[in-house]
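Quick notes on the structure that follows.
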Amino acid sequence: MAQEIKLKVRKEVEGEMVTKSQAYEIEKLNFFKFMSVTKLVKDIIAEVKKDENLAELFSQLFTAAEAETEEEAMQMDKSVLGAAAESFQTLAVYLPEQALELLAALSGVEKDVLGNQEIEGILNVYDAVLEVNDIEELSARVKKSLALTKSAFKLKALTEKVAQA
């Protein structure tokens with residue numbers, strides 16, 4: 001089920017900048033949007049892998065162990081901050097641009113319109129995309145289909161081997 005979201009849009013009307021509220025309908029992903037999103041995600045992952053410092057930062061963030069002492073905690077914080085500083089260009093320039101592109105592809109809202117929103121407006125679009133598409137369910141469904149495909153190919157290979165014997 002689609003969800004309507006209202007965003008402020010600045011347009012030039014008769015030589016004057018006018019801000020209007022415009023409604024956008026956030027709909028479920030169709031296959032063409034899915035292909036576009038998949039390509040963008042692949043590009044983002046490739047960029048993260050190219051930047052060793054960024055890869056290290058994500059590794060530290062997602063595998064963070066609890067520090068046993070305050071000194072250990074401070075050292076871990078310094079390490080994360082160091083990795084973030086080293087990968088600043090990727091974090092500050094490339095990833096926000098890619099995130100905006102990804103949200104535009106997912107939502108159907110033009111990138112320029114999204115870029116001119118307050119953070120709260122962008123988060124409202126993001127939330128609507130997640131709610132409408134039930135990303136967890138979609139991800140589980142894609143994994144299930146891929147597993148079935150893999151099983152089918154294994155079965156086909158097995159029957160071909162039996163037929164050759």
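Tabulated data
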{"read-out": "In nm, spacing of pseudo-spin labels at residue 100 and residue 159 (7 Å Cα→C-beta vector)", "value": "5.2"}
{"read-out": "Cβ-based exposure ranking for 21, 36, 59, in which fewest neighbours within 10 Å come first", "value": "21, 59, 36"}
{"read-out": "Distant alpha-carbon pairs in the chain (separation over 22 angstrom), percent", "value": "63"}
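None of the figures in this text is laboratory data; all of them are computed from the coordinates on show. Treat the numbers as computed from the prediction; the structure is a model and nothing was measured. With ideal geometry, Cβ positions are generated from the backbone for all residues, glycine too; neighbour counts draw on all protein chains shown.
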